[in-house]
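The values are calculated or read from the model by the stated rules, or taken from the named source; none is laboratory data. Note that the coordinates shown come from a computational prediction; the quantities given were computed from them, not determined experimentally. Positions of Cβ are backbone-derived with ideal geometry, glycine not excepted, and every protein chain shown enters the neighbour counts. For accessibility, only protein heavy atoms count, side chains too; no ligands or nucleic acids. Shrake-Rupley method; radii C 1.70, N 1.55, O 1.52, S 1.80 Å.
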Amino acid sequence: MGALFSVMDAAMLDQFFNAAEAEPRLYRKWEEEGCFKPSMDTSAEPYAIFIPPPNVTGVLHMGHALNNTLQDVLIRFARMQGKNVLWQPGTDHAGIATQMVVERQLNEDGKKRTDFSRDEFIEKVWQWKEESGGQIVEQLKRLGASCDWSRLTFTMGEHGDPDNQMVEAVRKVFVELYNEGLIYRDKRLVNWDPHFQTAISDLEVEPKEIKGHYWHLRYPLAADENGNSVTYEHPVFDEEGEPAGTETRNYIVVATSRPETMLGDTGVAVHPDDERYKSLVGKFVELPIVGRRIPIVADEYPDMEKGSGAVKITPAHDFNDFEVGKRAGLDVMNILTSVASIVDGDEADTAAIPQRYRGLDRFEAREAVIADFEDAELMHEIEKLKIEQPFGDRSGVVIEPWLTDQWYVNAQELAKDAILAVREGETRFVPTNWEKTYYNWMEDIQPWCISRQLWWGHRIPVWYGHTLEELASDLPTIPSKVFVAKSEAEMLLIAQEYYGADVEVKVEAVTSWHLSAGDVKSVSLVQDPDVLDTWFSSGLWPFSTMGWPNKTQELDTFYPGAVLVTAFDIIFFWVARMMMQGIKFM
């Protein structure tokens, strides 16, 4: 009878195995029965992997498939060993990428972000997230990833709960680092994306080799303090490159791939060992088509073997020039707006720029500058060659170094213990050759710019108001009192104590200041409009997903994780930031 029943059962089976039907059904059953949840057996060895949270805008590609399959193999093997296993899933809010997706949708309807208030736009992003942001999660499930989906976490927390635990974690870290002096505001050069009008990180800049030019420009030497002409002897060479004597010059030649930046030049640098120019150090050039006198300074940055050996210095629009300018005490003059046009209006530096260039797009200004140099017979040479140009990896537009106020983390200080953790073997890289890459990044780490000029993201928990001294006198346009707190309610308590019980303290939505001198009956505060770099919040991922800053059983059991499986290209983006913040706060 047993054999008969077996034949009958077999006859009832489908002729072909239908994976598309069977796999989702089986997966659903595993998930419903809690097969992917930790056992929370305190006697079992804990084993945790924190998934690198994919962008909520993303879809699976082959890299995701490989990465998550490797994690799944480790997770399932650990379960078979009887360990208490957690694979923590989630998605990242991906500030620029998500805002870009929603703005594109608005553009298709003939609208733009600024047609809405900030709150209205953010609500549209949340709507998009709830309707379309779960695609990559469903793909991971279809792949068979055995994450504990009951613990699915989003780096922005839950919609409709502005003070949820994920937000609380981010604000706590910001406030504590600020109070320790490890977060600060500074005016520095950043990589500026003129399309999104926000700062972006070095690793979000994509260098591309393109066909370009070096324009060699003649800068006439200015008369000395007695009104005498200044000249010097410059070596000349024959067609074979052999020395052929010298010629008397009353100009110095500089080369640039961005001629429009000369409008913001505040100096010319030569190497202190360059015999050609030693007599010129301390002298001045007359900046062509602008008419400003700018100094010739000695600095080791110029390469004596490259070009003329003299370099135009534009501190507000070139990272190397910014450092030269600091060393030489040169003026810093910003010539560009946030959309990369020449300043025209109330900007402090507008007056120093000839009227005919004001308001021009940067590339229009380039053509105008080139034409004016040629008309003035000051174009020494135009060299065609390939140049490396920086592009925004998401916007695709040319990135500009731009001088602006931003919030920074003292990453150099936080990196010390993270470097030590690898050196002493607490954290191991597999394969070990990536340790060298890690050290190269971490030992030369620069201040981490954490502010982004976006609407979607964790809002910076900083509010601005006038000082008591400013309230008692003629008010400046921009208030200088800063209040930093984990919530608006906490900030208002701090502000009330500062201003006094008889002053009404309120928060405004926009930065408008209309108080008259001596009016201290009410004070208006405004929150910083910027949001935090996405990597600031995802750097807290392993412990914020465990309930931190609250003390939880999950945190005690599973942190730190057993292994991280990730791509090499986010070692600095994500891994290093998790190490710095994890060591600091855990």
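The accessible surface of the chain, taken with every protein chain in place and a 1.4 Å probe, is 50 percent carbon and sulfur. Pairs of Cα atoms nearer than 8 Å and 6+ residues apart set the relative contact order; for the range 251-348 it is 31 percent.
If you take the Cα centroid of the range 173-212 and the Cα centroid of the range 50-88, the two points sit 31 Å apart. Each peptide among 91-99, 286-294 gets the average number of other Cβ atoms lying within 10 Å of its residues, and from highest to lowest they stand as 91-99, 286-294.
If Lys and Arg each add +1 and Asp and Glu each add -1, what is the summed charge of the other residues whose beta carbon sits under 12 Å from the beta carbon of Ala255? With Lys, Arg at +1 and Asp, Glu at -1, the neighbours total +1.
The distance linking the range 338-373 with the range 234-299 is 24 Å (Cα centroid to Cα centroid, whole angstrom).
Relative to its Kirkwood radius, the Cα radius of gyration of the range 179-235 gives an Rg/Rh of 1.24.
With respect to the chain, whose longest principal axis is taken over its alpha-carbon atoms, helix 95-108 is tilted by about 90°.
Remind me, relative contact order of the range 339-422 in percent, using alpha carbon pairs under 8 angstrom and six or more residues apart?
The normalised contact order for the range 339-422 reaches 17 percent.
Counting only alpha carbon atoms, the long axis of helix 2-12 and the longest principal axis of the chain meet at about 40°.
Does the range 290-389 come out rounded, prolate or oblate by the C-alpha gyration tensor, with a ≥ b ≥ c the root eigenvalues, rounded set by a/c under 1.5 and, if not, prolate when a/b is larger than b/c and oblate if not? Judged from the Cα gyration tensor, the range 290-389 comes out oblate (a/c at least 1.5, b/c at or above a/b). To make sure I understand the rule: partners must be lysines, Cα under 25 Å from the Cα of Lys283, and not fewer than 8 residues away in the same chain. Which ones qualify? Within the straight-line limit of under 25 Å, Lys283 reaches these lysines: Lys306, Lys312, Lys326. Per residue, the accessible area of the range 178-253 comes to 57 Å², computed with a 1.4 Å probe over protein heavy atoms only. One equal scatterer on each Cα of the range 19-102, no solvent, Debye formula: the resulting log10 I(q)/I(0) at q = 0.11, 0.21 Å⁻¹ is -0.42, -1.10.
Rounded if a/c is under 1.5, else prolate if a/b beats b/c, else oblate: with a ≥ b ≥ c from the C-alpha gyration tensor eigenvalues square-rooted, which is the chain?
prolate
Using the scaling law 2.2 N^0.38 Å as the reference, what is the normalised Cα Rg of the range 338-448?
In units of the globular-protein estimate, the range 338-448 measures up at 1.69.
Relative to its residue count, the range 426-484 spans a Cα convex hull of 187 Å³ per residue. Straight-line cross-link reach from Lys172 at under 14 Å between alpha-carbon atoms covers these aspartates and glutamates, not counting any fewer than eight positions away in the same chain: Asp163, Glu180, Glu488, Glu490.
Hand me the trypsin sites (Lys or Arg not before Pro) from the range 416-458 located in a DSSP loop with no more than 15 other Cβ atoms within 10 Å, in residue order please. Hits after loop and neighbour filter: Arg428.
Just order 393-406, 191-204, 223-236, 372-385 by mean Cβ neighbour count inside 10 Å, highest at the front, would you?
Numbers: 393-406: 17.7, 191-204: 19.7, 223-236: 11.7, 372-385: 13.6.
Those peptides, ordered most packed to least, come out 191-204, 393-406, 372-385, 223-236.
Would you work out the charge dipole size for the range 195-266 about its Cα centre, treating the Cβ of every Lys and Arg as +1 and the Cβ of every Asp and Glu as -1, and quote it to the nearest 20 debye?
Working: 5 positive and 14 negative charges, 69 e Å.
About 340 debye.
Accessible area ranking (1.4 Å probe, heavy atoms, ligands and nucleic acids excluded), largest first, for Trp541, Trp30, Trp535: Trp30, Trp535, Trp541.
To the nearest 10 degrees, how steeply does helix 576-585 sit against the main Cα axis of the chain, on a 0 to 90 scale? The angle comes out near 70 degrees. Largest accessible area first, the residues Phe319, Phe585 order themselves as Phe319, Phe585 under a 1.4 Å probe with ligands, DNA and RNA left out. The lysines whose alpha-carbon is closer than 18 Å to the alpha-carbon of Lys208, local same-chain residues fewer than 8 away aside, are Lys384, Lys386. The value of relative contact order for the chain, using C-alpha pairs under 8 Å at least six residues apart, is 17 percent. For the range 193-292, the C-alpha radius of gyration divided by 2.2 N^0.38 Å, with N the number of residues, is 1.43.
Positive end of the dipole of the range 84-204, charges at C-beta (+1 Lys, Arg; -1 Asp, Glu), about the Cα centre: which of Thr91, Ser201, Gly134 has its Cα farthest in that direction? The residue sitting farthest along the positive end of the dipole is Ser201.
If you take the beta carbon distance between Ala501 and Asp202 as r and set R0 to 56 Å, what does 1/(1 + (r/R0)^6) give as a FRET efficiency, to the nearest 0.05?
Calculated value: 0.70.
Solvent exposure of the range 1-126, expressed per residue, is 61 Å² of accessible area, with all protein chains present and a 1.4 angstrom probe. Note on the chain: with charges restricted to the Cβ of Lys and Arg (+1) and Asp and Glu (-1), its dipole about the Cα centre is near 1500 debye. For the range 1-149, taking the reciprocal of the average inverse distance between every pair of different Cα atoms yields a Kirkwood hydrodynamic radius of 18.7 Å.
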